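Right, I'll just put the structure down here and ask away after.
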Amino acid sequence: MTKDPDPEIARLREEYARRADDADSDDRYSSANPAFQWILATRQRAIIDFFERFGVFDFSKLRILEMGCGSGGVLEEFIDLGSEPVNMFGVDLLWDRLRVAKYKIENCSWVSADGQNLPFSAETFDLVLQFTAFSSILNLSTKATMAKEMMRVLKPGKGILWYDFIWNPLNRQTRGIPITQVRNLFPGMLITARRITLAPPISRTLIPEHQRLATALSRISFLNSHLLVWIQKPG
């Protein structure tokens, strides 16, 4: 394997590989885990509400790019919303994760690339997705370069859907991103944010026995650990 010239990208490869190795013994993100399923369901409802707010109802013709797509779980969610696999592109650093994604969704396009140098022309996509990739990047310069690439490949008038941690104190390999930093990363963009996702440690404690309590607590903003952000490029 060619050595990464960027130390931050090399660290990310190692960290993602470590997480993949740990996945077999960690069921927190398993489809069989009721807390994880509840988190996904509540997130999906928030996403649908967001898109309806911004007038996005038909996903079938949207060209969609996901940064840090992993094994394709988020793009599967968008297929459930009506997106067409032939219009979907996933970018990730690790081929092993992309192989899993390709097995699950054959007709998507999967690309192993550094998000600082996307192999796409300017103004190519109607929607760019970023789900918990940026919080794993510790270097602010790397984040800024990736944000510029996301804006470059996005069509005028279209948007980036951002979902990421505000805080995650249990994992030193991540760094939460407040809304002020999102605004700094995407200058000149029209930004709307909502705080969602009851902090996972609380969700895991309460689900499935106390789902009503979890739902009630999720309405208390400071108990939610993630930001859902719509970042629209001026038309």
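No lab work stands behind these numbers, since they all come straight from the coordinates. Source: prediction; values computed, not measured. Don't worry about glycine lacking a Cβ; one is built from the backbone with ideal geometry, like all the others, and counts go over all protein chains shown.
Report the relative contact order of region 24-135, percent, no decimals, based on alpha-carbon pairs under 8 angstrom and at least 6 residues apart. Write out the running numbers ahead of the final one.
Details: 140 pairs, mean separation 29.7, N = 112.
That works out to 27 percent.
Within the chain, what's the longest stretch lacking GluC sites (Glu not before Pro) that sit in DSSP loops with no more than 10 other Cβ atoms inside 10 Å? Mind dumping the intermediate values first?
On the way: sites that count: E106, E209.
Excluding the exposed sites themselves, the longest stretch runs over 1-105.
Go through K61/K143; K61/K155; K143/K233; K61/K104 and tell me which ones have a Cα-Cα distance over 25 Å in this structure. Intermediate values should be presented prior to the final figure.
Details: K61/K143 29 Å; K61/K155 14 Å; K143/K233 18 Å; K61/K104 21 Å.
As for pairs spanning more than 25 Å Cα to Cα, those are K61/K143.
Where Lys and Arg each count +1 and Asp and Glu each count -1, what net charge lies around S141 among other residues with Cβ under 14 Å from its Cβ?
Numbers: positive: R11, K143, K148, R175; negative: D6, E8, D114, E149.
Summing Lys/Arg as +1 and Asp/Glu as -1 gives 0.
Compute the relative contact order of the chain as a whole-number percentage, counting only Cα pairs closer than 8 Å that sit 6 or more residues apart in sequence.
On the way: 382 pairs, mean separation 43.8, N = 235.
Reported relative contact order: 19 percent.
Select from L140, L12, L198 the residue whose mean-square fluctuation is largest in a Gaussian network model of the chain (Cα-Cα springs shorter than 10 Å).
Judging by the Gaussian network model, the answer is L140.
Something else: If you take the square roots of the eigenvalues of the alpha-carbon gyration tensor of region 165-208 and sort them as a ≥ b ≥ c, do you get rounded (a/c under 1.5), prolate (a/b over b/c) or oblate? Don't jump to the answer; show the numbers that get you there.
Numbers: a/c = 5.29, a/b = 1.85, b/c = 2.86.
Judged from the Cα gyration tensor, region 165-208 comes out oblate (a/c at least 1.5, b/c at or above a/b).
Continuing with this model, one more query. Can you check what the net charge comes to around T197, using other residues whose Cβ is under 11 Å from the Cβ of T197 (Lys, Arg +1; Asp, Glu -1)?
Details: positive: R43, R194, R195; negative: D164.
Local charge sum for T197: +2.
Above 26 Å lies some portion of the pair distances; for the chain, what is it as a whole percent of all C-alpha pairs? Numbers along the way, then the final one.
Details: 9970 of 27495 pairs.
Counting pairs separated by more than 26 Å, the tail of P(r) holds 36 percent.
If I model a spin label at S112 and R152 as a point 7 Å from the Cα along the Cα→Cβ vector, what separation in nanometres do I get?
Roughly 2.2 nm, to one decimal.
Can you give the FRET efficiency for A193 and S141, using 1/(1 + (r/R0)^6), R0 = 25 Å, r = Cβ-Cβ distance, to the nearest 0.05? Please list the in-between numbers first.
Numbers: r = 23 Å, r/R0 = 0.93.
The value I calculate is 0.60.
Can you pull the percent of Cα pairs in region 144-235 with separation above 17 Å? Please list the in-between numbers first.
Numbers: 2336 of 4186 pairs.
It works out to 56 percent of all Cα pairs.
Which of the trypsin sites (Lys or Arg not before Pro) found in region 10-104 are in a DSSP loop and have at most 16 neighbouring Cβ atoms, other than their own, within 10 Å? Write out the running numbers ahead of the final one.
Details: sites: R11, R13, R18, R19, R28, R43, R45, R53, K61, R63, R97, R99, K102, K104; in loops: R28, K61, R63.
Of the trypsin sites (Lys or Arg not before Pro), the ones in loops of region 10-104 whose Cβ has at most 16 other Cβ atoms within 10 Å are R28, K61.
When each pair of different Cα atoms in region 107-176 is counted once in the 1/r mean, what is the Kirkwood radius in angstroms, to one decimal? Present the calculation step by step, with values, prior to reporting the outcome.
Values: mean 1/r = 0.0757 Å⁻¹.
Evaluated on region 107-176, it is 13.2 Å.
Given springs between every Cα pair under 10 Å in a Gaussian network model of the chain, which of P200, P119, P169 has the largest fluctuation?
Highest fluctuation among the options: P169.
What are the trypsin sites (Lys or Arg not before Pro) within region 158-194 that DSSP puts in a loop, where the Cβ has at most 16 other Cβ atoms within 10 Å? Before the final figure, lay out the partial values.
Values: sites: K158, R172, R175, R183, R194; in loops: R172, R175.
Listed in order of number, the matching sites are R172.
Now a separate question. Along region 64-70, what does the Karplus equation 6.51 cos²θ - 1.76 cosθ + 1.60 (θ = phi - 60°) give for ³J(HN,Hα), rounded to whole Hz, x for Gly and Pro?
After applying 6.51 cos²θ - 1.76 cosθ + 1.60, I find 10, 10, 10, 7, x, 6, x Hz.
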